[in-house]
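Written out below as C-alpha cells is the structure these notes cover.
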Amino acid sequence: MCTLMTESTLPHNDYGDDVHVLETSEKTIYLVGTAHISKESVDLVEKIIACEKPDAVCIELDDKRYKVLTEKKRWQSLDLKEVIRNKQLSTLMINMLMASYQKKLGSQLGISPGAELLAAAEAARAKDIPIFLCDRDVRITLRRAWKSTSFFRKGYLFTALLGAMFDRTEVSEEKLSELRKKDVLAELMDEMGDSLPDVKRVLIDERDIYLAEKIRHTPGQRIVAVVGAGHVSGIIDQLPRDNSGTMQEISTIPPVSRGIKIIGWLIPAIIIGSLITIGFQKGASVAGANLLYWILANGIPSAIGALLALAHPFTTIGAFAAAPITSLTPVIGAGYVTAFIQVLARPPLVAEFETVADDMTHFSRWWTNKLLRVFLVFILTGMGSAIGTYVGGYEIVTNLLG
C-alpha cells in the first residue's frame, strides 16, 4: 500500500508542493509533478536527482517521444509514405497539433516543451542512474483516443486544436504564472472534458493507470518519477492498486466495432445494389447515367478539395479518379490515396519537418510548408469525397425508388 510521507519523515523533502514522497513496503517514490513548459520544473528535477541519488529515474516519455527530444535529425528517419500506408496520417497530424500548441505557449515562457523531461534524463545519465521510459506508446494513445471519439467529436477536437493554434491573444502575466505550474495539455483536456470525455479518459485517465503501474514495477528501492502535473493525483490514486490485469487492454488499439464495419460495407452495398436494380428495372442506359452521376458527384468535390489545397496536378487527377472508387469501400479513403500521391509528387523537405510546429500556427504557411499541404490534401479531398458520397448516394436511391 502506498502512503504519502510527511516532511518530518524525510528531512530532504524540502522541494515544495510539486514533489510527493510515497512509500511502499519495498520502495520510496519521489513523484515530481512538472509543467512541460516551465524552467522551474527543469531546476526542480535536476535538484531532486542530484540530492536523492535514486536507484532509477522514471520519466513520462515513451521511446518515440524520447527520440523526438534527443535526436536532432529524427525527421530524416520518418517514412511519410509508410505512415500513410498504415493509415496513421490523422494520428500524426493530431500529435503535431498538440506539440505545436505546447511549443506556442512554451515560446512565451522562454522554454522548449518537455525540457524538464530531457533534463531528468540528462541528470540521470550524468550520474549513471538507470532511466526508465514509463509512458505508453504515443501512437497507441493517440489512436485509442481517435478511435474512441465519434465522427462529430473528432471534428470538435480538431477545430478546438486549430483554434488554439491560430489564437493570437497574448497570454497575460497572471496566466503565464499559472501555466508554469501546470501540465498544459492536461489543462486543455480538463477544459474539454465535458465535451470530449472519451478523449480525456484515454489521454489522462488511462495513462494515469499505465504510468502508475510502470512506476510501481521500476527496479530499485528509491525511485524518482517525473510526470506532468496533470497526472499526479491520478497516479497517487492508482499506485496502491494492482492494475496489471488492465495493462494489456489499455496497451492495444481497439478493433473497429462490428456495427461500424457493417455500416461501412452497407453503404457501398446499397449503392451497387441500387445501380444493378436500376439496370434491371429501367435499362442499362439509365443505370449508366446514374453511374456517371456517381462518378462526377464524388470526383468533382474531391478534385476541388485538391485544388483548394494547391495540390500537384497529378494529385488533383488522382482525387477525381480515386474518390468514386474509394467511396465504395471502407478499406481506404480518398484522402489517403491523394496524400500518398502528393508525397510522391512533392515530398516534404527535412527542413519543413523541423519548422512544422511553428508553421502550424500561421494560416498561410499551411500552403507553403509541403508537409502541411499533405495534411490539407488529406483533409479537403476526404471531405469532398464524403460530400460526393452523400449527394451521389441520395440521387441513386431516389432514382431507384422514384
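The numbers here are math on the coordinates, done by the rules we state, and not lab data. Note that the structure is a prediction, hence the values are computed from the model and not measured. Here the Cβ is made from the backbone with ideal geometry for all residues, glycine too, and neighbour counts use every protein chain on show.
With labels modelled as points extended 7 Å from the Cα through the Cβ direction, what inter-label distance (nm, one decimal) is found for residue 267 paired with residue 25?
Each label point is offset 7 Å from its Cα along the Cβ direction, giving 5.6 nm.
Scan around residue 24 for amide H atoms under 5 Å from its own, H built in the peptide plane at 1.01 Å from N, and keep only partners 5 or more places away or cross-chain.
Distant-sequence amide H within range of residue 24: 29.
How would you rank 199-211, 376-388, 240-252, 118-130, highest first, on the average number of other Cβ atoms within 10 Å across their residues? Each step should come with its number before you reach the end.
On the way: 199-211: 21.2, 376-388: 24.2, 240-252: 12.2, 118-130: 17.0.
Highest mean packing first, the order is 376-388, 199-211, 118-130, 240-252.
In whole Hz, with x marking every Gly and Pro, tabulate ³J(HN,Hα) for region 212-221 from phi via Karplus 6.51 cos²θ - 1.76 cosθ + 1.60, θ = phi - 60°.
Using θ = phi - 60°, the values come out as 4, 5, 5, 5, 4, 9, 5, x, x, 9 Hz.
Given H placed on each backbone N at 1.01 Å, which residues far from residue 61 in sequence or on other chains put an amide H within less than 5 Å of it?
134, 135
If I take every Cα pair under 8 Å that is 6 or more residues apart in region 258-401, average their sequence separation and divide by the length, what percent do I get for the relative contact order? Write down the numbers at each step before the final one.
Values: 199 pairs, mean separation 47.8, N = 144.
Rounded, it is 33 percent for region 258-401.
Please go through the residue pairs 64/261; 87/147; 27/214 and name each one whose alpha carbons sit more than 23 Å apart in this structure.
Details: 64/261 31 Å; 87/147 12 Å; 27/214 13 Å.
From 64/261; 87/147; 27/214, over 23 Å: 64/261.
Taking θ as phi - 60°, what are the ³J(HN,Hα) couplings along region 242-254 by the Karplus curve (6.51, -1.76, 1.60), each to the nearest whole Hz, with x for Gly and Pro?
3J(HN,Hα) across region 242-254, in whole Hz: 8, 9, 4, x, 9, 4, 5, 5, 7, 9, 10, 8, x.
Taking θ = phi - 60°, what integer Hz values does the Karplus form 6.51 cos²θ - 1.76 cosθ + 1.60 yield along region 120-127, in sequence order, with x for Gly and Pro?
After applying 6.51 cos²θ - 1.76 cosθ + 1.60, I find 5, 5, 5, 5, 5, 4, 5, 10 Hz.
Any chance you could run the full-extension gain for residue 50 through residue 400? It's 0.36 nm times the residue separation minus the Cα-Cα distance, nm to one decimal.
That pair, residue 50 and residue 400, stretches by 118.4 nm at full extension.
Calculate, for residue 252 and residue 217, the FRET efficiency according to 1/(1 + (r/R0)^6) with r their C-beta to C-beta distance and R0 22 Å; round to the nearest 0.05.
Working: r = 19 Å, r/R0 = 0.86.
So the FRET efficiency works out to roughly 0.70.
Name the residues whose placed amide hydrogens come within less than 5 Å of the amide hydrogen of residue 228, ignoring near sequence neighbours (fewer than 5 apart) on the same chain.
34
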